[in-house]
1. Within the set of pairs 6+ apart or on separate chains, which have a first residue in the range 158-183 that is under 28 Å from Ala382 (Cβ atoms), a second that is of a type in the set (Gly, Ala, Ser), and C-beta atoms under 6 Å apart?
2. Please report, ordered by residue number, the helices (runs of 4 or more DSSP H) entirely within the range 63-150 with at least 2 residues that are among the basic types (Lys, Arg) and at pLDDT 95 or above.
3. Is there a residue in the range 163-175 that is under 27 Å from His275 (Cβ atoms) and open to solvent by 70 Å² or more (accessible area, probe 1.4 Å)?
4. With the requirement that a residue be in a helix (DSSP H, G or I) and open to solvent by 40 Å² or more (accessible area, probe 1.4 Å), what does the range 206-222 give you?
5. Here is a check on your reading of the model: is Ile370 in a helix (DSSP H, G or I), free of Cβ contacts under 8 Å to residues at least 24 places away in the same chain and within 29 Å of Gln395 (Cα to Cα)?
6. Which residue out of Met225, Met231 is in contact with a helix residue (DSSP H, G or I) (Cβ under 8 Å, 6 or more places away or on another chain), touching a residue at least 24 places away in the same chain (Cβ under 8 Å), in a helix (DSSP H, G or I) and exposed (fewer than 13 other Cβ atoms within 10 Å of the Cβ)?
7. Looking at Leu262, is it free of Cβ contacts under 8 Å to residues at least 40 places away in the same chain, aliphatic (A, V, I, L, M) and buried (at least 16 other Cβ atoms within 10 Å of the Cβ)?
Amino acid sequence: MAETSEALVLKFDAEAFAQALRTARDETRPSKEEEERHRRKMEVWTTGLGVSGLVLAARGVLSPLSMCLLGMYKYGKFAILAHHSLHGGWGRPRRGWFAQGLIRRTVDWLDWIFPMAWIVEHNKYHHYRLNEDADPDYVQRNTEVVQQWRLPLSVKYVIVAVQAATWKWFYYASNTLKLLHADEPNAPCKEELHEPITVSGLVTEAAKGRPWYKSLSADFFLRVMAPPLLMHFVVPPIVAGFLLGPNSKGSSSTVPFSWSTLLNVIGAEIFTNLHAFCTIVTNHAGSDLWYFEGACKAESPEFYLRAILASTAYDAGNDVVDYYHGFLNYQGEHHAFPDLSPLHYQRLHPKFKRVCQEFGVPYVQEHMWIRTKKTADIMVGAGKHKVCVGNASEQPELWMIPKASAQ
C-alpha cells in the first residue's frame, strides 16, 4: 500500500540529521587565534564592568548603576568565562586549571557555586540527562512544592520572584555541592538526593544530627560560602571605609566601614540573581519544551534531538546581545556540542537553525521575557512540560513540523 503524503512528511532520518549538525559545526569552527582574541575581549569587558562597578560602589552613596555593573561583572564571570572554560570551550588545558584551588577560584570565579561541584552537577548530570528525572536542574520537579501549595496564583508568582532574586546562594550552591558528597558514607538514598536541597533544608537536616548533612553543612558554609561572603560583602565596604574616612557620608563613624558600599554590593547580588534567573533557569523550562522518560546515549542522534526539543534560544547574533545573555542564547547548539567556544556558537547558530528547519525539528527561539513568563508558569503549576516516553527520534509524530508548514 502506498504511504500517505502525511506519513512521508513525518519521516525523520535521525542519522542524516545528526550528520548535518556535525557538518555545520565543523564548517563554522573558528581558528584558535580567533577564539583567543574573542576570549580576551570577553575578559576585558568583564573586568571593565567589575572595576567600574567597584569605583561607583565605593563613592559613599547608593548607586543603582554600580549595582548593575557589578551584577553584570558577576554574571560575565559565571555565565561566560567560568561556564565555557569548565566545559573546555577554550581548550582542555584551561579547563584543567580554571578556578581550581582557593587562589585560582578567587581570581577566576569566586561565586556561591563551588567549581568542582558545578562540574559534577552541570557538566555530568545536567548535560547528559537533560530534562529527565535524573537532571538535577529539571525545573518542574524542583518546584513541585510551590505547585502544590494551596495559594492564589498571584501569591505563587510573588514567591517565584523572591526565589529568582536569591536562587544562586539559597538553592543552587547547596544543590550542586550535594552531588560532590553523594558517594560519602551515610549519604541519603537516591530518591532523597533527587530532591532539591536548599540552605534552609540543609540547616534543618543538619540540626537533626544527621551525619551526612552535618558534613555537607560544614563544607558548604566554610569552603563554599565563606570566601565569596568575605571578599564580596566584607572587604569592599572596609576598603571603601578607609578611602572615604570615618566621617564621610554612608560610612561608620567608629570603624572603617562603608554601609553604602555594602548596600551597593547587596544590590548587585540581587541584580545578578534576577538576571541569571531570566537567562539561565529559563533555558529548558516551558510548556512548549519536552520532558523525557528514560536516558539516551551521548552524542547520538537522539542526544542531539533532545538537546533541541528541551531547549530554548533567545535574541542572538552579536557580541553585545550575546554578552547580555551570557552566550547562553544558543542552548540547542550548546547541549548538542557542549565544548565549543562562545564565538563558535555564535557562528554555528544560523546553520544550526537551518538544519533544524530542513529536518522539521522545532527550534524554539523567543525573547528572554517571554521565556521567563513560561518558566514562572511551570514553577507555579500553570503550565506543564510535554512528555516523551522512549526515544523522540522514533516518534516524529509527537514533535515534527510538517514540511508544508515549516517556516
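1. As it stands, the answer is Val160/Ala376; Thr176/Ala117, since those pairs meet every condition given.
2. Numbers: elements: 64-75, 83-86, 92-97, 101-108, 115-118, 139-142, 144-148.
In the range 63-150, the matching helices (runs of 4 or more DSSP H) lie at 92-97, 101-108.
3. Yes: one or more hits.
4. Going residue by residue through the range 206-222, those that are in a helix (DSSP H, G or I) are 206-207, 211-222.
Listed by number, the residues that qualify are Ala207, Pro211, Lys214, Ser215, Ala218, Phe221, Leu222.
5. Working: in a helix (DSSP H, G or I): yes; free of Cβ contacts under 8 Å to residues at least 24 places away in the same chain: yes; within 29 Å of Gln395 (Cα to Cα): yes.
Taking the combined requirement at face value, the residue satisfies it.
6. Values: Met225 fails: exposed (fewer than 13 other Cβ atoms within 10 Å of the Cβ).
Testing whether each residue is in contact with a helix residue (DSSP H, G or I) (Cβ under 8 Å, 6 or more places away or on another chain), touching a residue at least 24 places away in the same chain (Cβ under 8 Å), in a helix (DSSP H, G or I) and exposed (fewer than 13 other Cβ atoms within 10 Å of the Cβ) leaves just Met231.
7. Details: free of Cβ contacts under 8 Å to residues at least 40 places away in the same chain: yes; aliphatic (A, V, I, L, M): yes; buried (at least 16 other Cβ atoms within 10 Å of the Cβ): yes.
Yes.
Rundown of residues vs (1) open to solvent by 20 Å² or more (accessible area, probe 1.4 Å); (2) free of Cβ contacts under 8 Å to residues at least 12 places away in the same chain; (3) under 24 Å from Phe17 (Cβ atoms); (4) outside any loop (DSSP other than H, G, I, E, B), yes/no style:
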| position | (1), (2), (3), (4) |
| --- | --- |
| Gln346 | yes, no, yes, yes |
| Val355 | no, no, yes, yes |
| Val361 | no, no, yes, no |
| Thr375 | no, no, no, yes |
| Ile378 | no, no, no, yes |
| Ala382 | yes, no, no, no |
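The values are calculated or read from the model by the stated rules, or taken from the named source; none is laboratory data. Bear in mind that the values here come from a model prediction, so they are computed numbers and not experimental data. Quick reminder, even Gly has a Cβ in these numbers, built from the backbone with ideal geometry, and neighbours come from all protein chains shown. What goes into the accessible areas is simple: the full protein's heavy atoms, side chains included, and nothing from ligands, DNA or RNA. Shrake-Rupley method; radii C 1.70, N 1.55, O 1.52, S 1.80 Å.
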